[in-house]
1. Taking residue 231, is it at pLDDT below 90, surrounded by 12 or more Cβ atoms within 10 Å (Cβ to Cβ) and assigned by TED's automatic domain parsing to the domain that holds residue 326?
2. Go through the residues of the stretch 217-226 one by one and say whether even a single one is out of contact with any strand residue (DSSP E or B) (no Cβ under 9 Å at 6 or more places or on another chain) and surrounded by fewer than 15 Cβ atoms within 10 Å (Cβ to Cβ).
3. I'm trying to understand the selection: among the residues of the stretch 254-288, which are buried (at least 18 other Cβ atoms within 10 Å of the Cβ) and outside any loop (DSSP other than H, G, I, E, B)?
4. Just to confirm my filter: which strands (runs of 3 or more DSSP E) fall fully inside the stretch 135-202 and include at least 3 residues that are crowded, with 22+ Cβ neighbours inside 10 Å and at pLDDT 85 or above?
5. Suppose we filter the stretch 301-350 for residues that are touching a helix residue (DSSP H, G or I) at 6+ places or on another chain (Cβ under 6 Å) and either modelled with pLDDT of 95 or more or in a strand (DSSP E or B) (or both); how many remain?
6. For the stretch 207-224, indicate whether the set of residues that are touching a helix residue (DSSP H, G or I) at 6+ places or on another chain (Cβ under 7 Å) and at pLDDT below 90 is non-empty.
């Protein structure tokens, strides 16, 4: 047998990368990668529309540390590229080693996400923002509250509310059916609180964490007349009555900053403007979402007026049917800097 013959016998035919089996796997992996990228882009564009931010801003969105976002992106795209490389037979290795690679990239993505999600800096060490530190803010409406609409152009959240004069409570009405007649459809189905969120992203280039003031600028107050006694209350925010030496206070709280989870120190309802601000630290190139949460009148042991008899109705409560009542919030060094929560009284219920 000749040398050439021996050489031909020993040489194994090389399998093409795009063989019938490999081509199918590659096509499947490529389709999966394109679907992954497409869904990511679609999600990004959806968030861009919801938050009113540009794509470059969104790349640094919801983060207090952009390096965390970088780790997250490396981990996610690393998994996609490694899966595609395996399908195309670009890389080979022991199953344990490959599994270890996938696990490492997954952990990298998880760690990056945790870092990118951010923890608010310690308020004790936060320096108030100078004029050069600027925020771009918007209503947080990604997870909209039922019964409320959001207008990013006017920075206004509008919620429909109804007064239940059996339970003596104000409710957010999620749909028209919950506000019609006196069937009591709202009882047990309508929310008794409002969550008002403001999303802010740093747009300056100062590489320092600064504190920004989030403040309730004004709470609407109306007067209820019971016989000869006039009592003030708000159709938006409930307040807790005075007990002994403890004065009455508005039952609203910021979720972050120096006044986090603390009720305003101003006496309610006589003091209704410039309520306690909360200094919220936001890192360089970072962003955060800050909420103001509060019960409507009658909930969480807050004061609610009694319903009048006869034909007195809403006027007895100091309310106007389909009247609008607005509560304003301000954010320092922000564009825009004023945000509004408006409630519309759309009905009364048993």
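1. When the stated conditions are applied, residue 231 passes them.
2. yes
3. 254, 278, 279, 280, 281, 282, 287, 288
4. Strands (runs of 3 or more DSSP E) meeting the threshold: 135-139, 156-164, 169-172, 193-202.
5. Count: 2.
6. Yes, the conditions are met somewhere in the stretch 207-224.
The values are calculated or read from the model by the stated rules, or taken from the named source; none is laboratory data. Please read all numbers here as calculations on a predicted model, not as lab measurements. Cβ sites come from the backbone with ideal geometry, for glycine too, and all protein chains shown count toward neighbours.
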